[in-house]
Amino acid sequence: MESKCDTMLVIGNGFDLSLGLKTSYGDFMKWLEDNRELSTNNLYKYLKFKLKENIKQGKRWIDIENELKKYSLSFFDVSNINMYIGIDVDNKNRCNLLRKEYKEICSKLCFYLSSLVGSPYIDKRGLEKLMEHIPYNQAYSKMQNKSYENPVWVLNFNYTSCIEHFRDSLNIQEVHHIHGALRDKENIVFGVEDGCELNQEHSFLYKSHNRVLNVNHLNERFEDAKHILFYGYSLGQTDHSYFEDFFREQSTKGCERKKFDFFYYGEAAYDDLFWQLRTLTNNRMAQFRQFNDVNFIKVL
């Protein structure tokens, strides 16, 4: 660990989206379809099927990580899987096939994101030129105008490194890629949470299975921080294992009082954020707000 930082900034995909980048899983799926990529990949066929179902219900997005869990759990139910993709091979070969197709999707995701940002690990000039043409919208400006007198430690859940462009303006000391970065290619951390009970043959789908996962000293970082900001990150279920001990501690009488800023976009996002926090605090949201300085900041 380097020197302690009183301020922690946790960013998720909403950060990249606020910069105008099409980094959502829905955008990725559309790119795959438009470019006829992975047309023979059965996992992709399943995800495409589920996305179309969501669109019929008025939702133009898909939570690929949750769908990956559902796909794995129903994988040995041949009638269920065939309904989506029509594969007909034995269980052992299907497991080998899933690993291959899972890695293909990871690799394509890295390629797609790199094409958007001109990864600094590939072409730093490309990223800098991109940023020159992205206007600071109201959402980002609101965060940028916060006062950062002390060095900031960034916990980055994105594979991109767009936050690096703002290292000086936000007084960033270190950026910690918990799920890997574009330089890691298909070894990015992409999968399901430890609490999900999968078949042993699918253990490679667990995030904790991936050697790239970087959770070193994460608990200590949360304990040291006095001010924690969450921007563009919804504390989704597949990441709960990183936070649940910390949030339960912070909703217990006698905990060290901390300041929390949660940025959100729209009422639906606020509802989801509240629900995730309620779960993480073991249904003690009132106590969490009582024992800490908690702020919910609408970005638009």
Spin-label pair Q200/I297, simplified geometry with 7 Å Cα→Cβ offset, distance in nm: 4.9
Two-decimal log10 I(q)/I(0) for region 151-300, as the Debye equation yields it once each C-alpha is a single scatterer, q = 0.19, 0.21, 0.22 Å⁻¹: -1.36, -1.52, -1.56
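Stretched out fully, how many nm does the piece from K100 to E53 gain, at 0.36 nm a residue minus the Cα gap? Walk me through the numbers before you get to the answer.
Values: separation 47, 0.36 × 47 = 16.92 nm, distance 2.53 nm.
Result: 14.4 nm gained on full extension.
Expected output is a single nm value to one decimal: the length gained when fully extending between K22 and W61, i.e. 0.36 nm times separation in residues minus the C-alpha distance. What is it?
Values: separation 39, 0.36 × 39 = 14.04 nm, distance 1.21 nm.
Result for the pair: 12.8 nm of gain on full extension.
Taking only the alpha-carbon atoms of region 216-272, what semi-axes of the equivalent ellipsoid follow from 5 times the gyration tensor eigenvalues under a square root, in whole Å, largest first?
They are 21, 14, 12 Å, listed largest first.
If I stretch the segment between A268 and E223 completely, what's the gain in nm (0.36 nm per residue apart, minus their alpha carbon distance), one decimal? Mind dumping the intermediate values first?
Numbers: separation 45, 0.36 × 45 = 16.20 nm, distance 2.99 nm.
So the extension gain works out to 13.2 nm.
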Solvent exposure, largest accessible area first (probe 1.4 Å, DNA, RNA and ligands not counted), of S107, S115: S115, S107
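Starting with the highest mean, order 15-24, 265-274, 238-247 by the number of other Cβ atoms within 10 Å, averaged over the residues of each peptide.
Working: 15-24: 19.9, 265-274: 13.7, 238-247: 17.8.
Taking the mean over residues of other Cβ atoms within 10 Å, the ranking is 15-24, 238-247, 265-274.
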Virtual spin-label span in nm between S169 and R289, 7 Å along Cα→Cβ: 3.2
Pairwise centroid distance, computed over Cα atoms, of region 228-300 with region 204-227, Å: 18
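The values are calculated or read from the model by the stated rules, or taken from the named source; none is laboratory data. In this text, all values refer to a predicted model and were calculated from it rather than measured experimentally. Because the Cβ atoms are built from the backbone with ideal geometry, glycine has one as well, and the counts that use them run over all protein chains shown. The area values use the complete protein model at the heavy-atom level, side chains included, leaving out ligands, DNA and RNA. Shrake-Rupley method; radii C 1.70, N 1.55, O 1.52, S 1.80 Å.
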